[in-house]
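S.K.: Before anything else, here's the structure in question.
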Amino acid sequence: MNRPRVGILYHESFSRRSYLTVGRRLADFPAALDDLLRDDRFRLYRCPEVSDSLILQVHTPDLIPEVEADPL
C-alpha cells in the first residue's frame, strides 16, 4: 500500500513575528519537526527567496504588497 507523502515548506522568516505567524508560534521550528521527520512520509523543504511571478502561481496578487508592508 502506498503511504501518502507530505512536504513541509519552511523559511527561517516564518519563525519571526509577522502577520504570517501569530506571535512567535513557530519560534521552535524547524526543530519541533524532528520526531515527525524521522518518518519517511514527511519531508522538510527549506524555501529560498523566489520571484513574484512564482509566488503568484500559488497566491493571490494581494499577498505581495501585504508582505512588503509588514515592518518585520
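The values are calculated or read from the model by the stated rules, or taken from the named source; none is laboratory data. What you see is a predicted model; the values in this text were computed from it and never measured. Every residue, glycine as well, gets a Cβ built from its backbone with ideal geometry; the counts of neighbours run over all protein chains shown.
S.K.: Do we find that Asp62 is within 25 Å of Arg5 (Cβ to Cβ) and without any contact (Cβ under 8 Å) to a residue 60 or more places away in the chain in this structure?
M.R.: No; evaluated as a whole, the condition is false for this residue.
S.K.: Return the residues of the stretch 1-36 that are among the charged types (D, E, K, R), at pLDDT 70 or above and in a loop (DSSP other than H, G, I, E, B); say none if nothing qualifies.
M.R.: Within the stretch 1-36, Arg3, Arg5, Asp28 qualify.
S.K.: Which residue, of Leu63, Leu72, is among the aliphatic types (A, V, I, L, M), touching a strand residue (DSSP E or B) at 6+ places or on another chain (Cβ under 7 Å) and at pLDDT below 90?
M.R.: Of the residues listed, the single one that is among the aliphatic types (A, V, I, L, M), touching a strand residue (DSSP E or B) at 6+ places or on another chain (Cβ under 7 Å) and at pLDDT below 90 is Leu72.
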